[in-house]
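No lab work stands behind these numbers, since they all come straight from the coordinates. If you're wondering where the values come from, they're calculated on a predicted model, not measured in any experiment. As a convention, Cβ positions derive from the backbone with ideal geometry for all residues, glycine included, and neighbour counts pool all protein chains shown.
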Amino acid sequence: MTGMKGQKKRFWSDEEKRSICRQTCAPGVSVAPVARRYAMNSNLIFTWLRDPRFAPAEAEASSGAKDDTLFLPVEITGLAAEPEPGSDL
C-alpha cells in the first residue's frame, strides 16, 4: 500500500492485490481476517477476487477443474401408493 500523509484513499499495487487475494485461498482462512489484517473492507477483497488479474491461479484451477459430480433431471409422475395395513412393507 502506498499513500501520502493526509491522503484518505489508499492505492494498492497490482502485486499487493494479488498477494492479499492469495492469502484468502489458504486452507481454513476466510476473507474477513485477511481484511482485518490490512484494515480494509472484505467487500473490496471479494471485488478483487472476481477480477481475473488478481484472482489466484490455484482458485482458477480448482474452480475450472472437472469433478465427477453429475446432476441428472428427475421427474415425479404421481404419488407412491401407501402400503396397506397389515402388510410386511
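The table that follows gives values for the structure above.
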{"item": "Difference of contour (0.36 nm per residue) and Cα-Cα distance, Ser30 to Leu79", "result": "13.2 nm"}
{"item": "Burial order of peptide ranges 45-54, 27-36 (average beta-carbon count within 10 Å, highest first)", "result": "45-54, 27-36"}
{"item": "Extension reserve of the Lys8-Asn43 stretch, reckoned as 0.36 nm per residue once the Cα distance is removed", "result": "10.8 nm"}
